[in-house]
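Structure, as structure tokens:
The values are calculated or read from the model by the stated rules, or taken from the named source; none is laboratory data. All values reported here derive from a predicted model rather than from experimental measurement. Cβ: placed from backbone, ideal geometry, glycine included. Neighbour counts: every protein chain shown. All accessible areas refer to the heavy atoms of the entire protein, side chains included, with ligands and DNA or RNA removed. Shrake-Rupley method; radii C 1.70, N 1.55, O 1.52, S 1.80 Å.
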Amino acid sequence: MIDHAQIQQQALSYACPEDAFKDRVILVTGAGDGIGRGIALALASHGATVILLGRTQEKLEAVYDQIKAGGYPEPALAPVNLEVARPQDYEELATLFEREFGRLDGILHNASMLGELTPLEQYGYETWESVMQVNANAPFYLTRAMMPLLQKSEDASVVFTSSSVGRKGRAFWGAYSASKFATEGLMQILADEQENVSSIRSNSINPGATRTNMRALAYPAEDANTLKTPADIAPAYLFLLGPASKGVTGQAVNAQ
Ligand code: NAP
């Protein structure tokens with residue numbers, strides 16, 4: 001039995017073989033920009049058929065074009081606004097994916113919104129609800145709807161995106177922090193329910209400070225050039241989403 005420290009080390013030092021994701025179908029949310037875009041490209045370049053889910057069609061199309069131009073497996077587009085999508089919409093998506101692919105070998109729950117950085121006593125009610133909808137409710141709806149498709153995979157990996165404020169609460173981080181605690185909870189519940197019952201495993205990843213729009217919004221004075229890029233942190237994602245971590249479940253991993 002390998003322990004958490006060993007898993008963490010393996011994730012950080014993972015050198016992903018070129019064809020590690022051959023014949024794997026992986027759904028990535030928030031795939032049009034930032035970390036989601038970077039990991040979708042990394043997955044495709046290692047052979048995955050990636051389903052690109054996001055709210056801005058043009059951004060998804062740009063990632064689609066980049067993957068095609070690289071000569072990698074043709075991705076699929078799933079334009080969905082997670083803030084307004086209802087459970088029925090996710091069920092319909094599952095029907096579409098079932099018809100197109102027959103199964104799912106992984107989900108990266110990556111899309112999130114930051115909300116406000118403000119004390120709880122002033123935190124906007126509507127912002128709270130939007131953040132919880134996108135960051136916590138949507139991953140639940142999506143996972144629940146995709147369970148039958150994940151069960152058809154021999155090695156399905158569900159990865160939830162956390163944050164350092166999802167592991168320890170921090171002043172002013174409001175709904176974002178609370179939603180990331182919910183994310184860790186979802187991950188643990190799914191891992192505990194599926195262990196020894198199915199091939200579905202569930203882990204969380206904290207990307208750490210990464211050069212994206214969300215990071216710039218949260219830390220406007222920071223020099224972005226000092227930060228890791230999405231491509232720099234890809235090894236831990238490829239480790240958790242792919243065959244290298246078969247059997248690993250219930251783990252909260254850091255990408256840096
Ligand atoms: P980002 O640059 O803001 O990208 C977020 C992605 O999520 C975008 O593609 C965005 O789509 C999509 N998205 C947002 N709201 C959506 C909605 N309602 N429906 C569908 N898609 C939606 O953020 P990021 O920094 O890459 O963050 C990725 C993940 O890492 C998040 O879970 C974040 O909490 C976590 N994280 C990031 C850092 C960091 O330093 N960057 C640190 C800790 C954790 P559009 O582009 O169309 O808006």
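Annotations
For every residue, the table says whether it meets (1) open to solvent by less than 10 Å² (accessible area, probe 1.4 Å); (2) without any contact (Cβ under 8 Å) to a residue 40 or more places away in the chain.
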residue	(1), (2)
34	no, no
57	no, yes
63	yes, yes
66	no, yes
88	no, yes
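Residues checked against (1) open to solvent by 60 Å² or more (accessible area, probe 1.4 Å); (2) farther than 21 Å from residue 37 by Cα:
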site	(1), (2)
152	yes, yes
173	no, yes
191	no, yes
219	yes, no
242	no, no
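- Tally of residues being of a type outside the set (D, E, K, R) and open to solvent by 70 Å² or more (accessible area, probe 1.4 Å) across the range 96-113: 1
- Yes/no for residue 238 being surrounded by 16 or more Cβ atoms within 10 Å (Cβ to Cβ) and either touching a strand residue (DSSP E or B) at 6+ places or on another chain (Cβ under 9 Å) or of a type in the set (S, T, N, Q) (or both): no
- Among the residues of this structure, residue 116 counts as one that is open to solvent by 50 Å² or more (accessible area, probe 1.4 Å) and within 16 Å of the ligand (Cβ to nearest atom).
For (1) within 10 Å of the ligand (Cβ to nearest atom); (2) over 18 Å from residue 109 (Cα atoms); (3) at pLDDT 95 or above, each residue gets a yes or a no:
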| site | (1), (2), (3) |
| --- | --- |
| 182 | no, no, yes |
| 187 | no, no, yes |
| 208 | yes, no, yes |
| 226 | no, yes, yes |
| 230 | yes, no, yes |
| 249 | no, no, yes |
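- Residues that are outside any loop (DSSP other than H, G, I, E, B) and free of Cβ contacts under 8 Å to residues at least 40 places away in the same chain, drawn from the range 72-86: 76, 77, 79
- Residue identified as near the ligand (Cβ under 8 Å from one of its atoms) and either touching a helix residue (DSSP H, G or I) at 6+ places or on another chain (Cβ under 9 Å) or among the hydrophobic types (A, V, I, L, M, F, W, C) (or both) among 217, 240: 217
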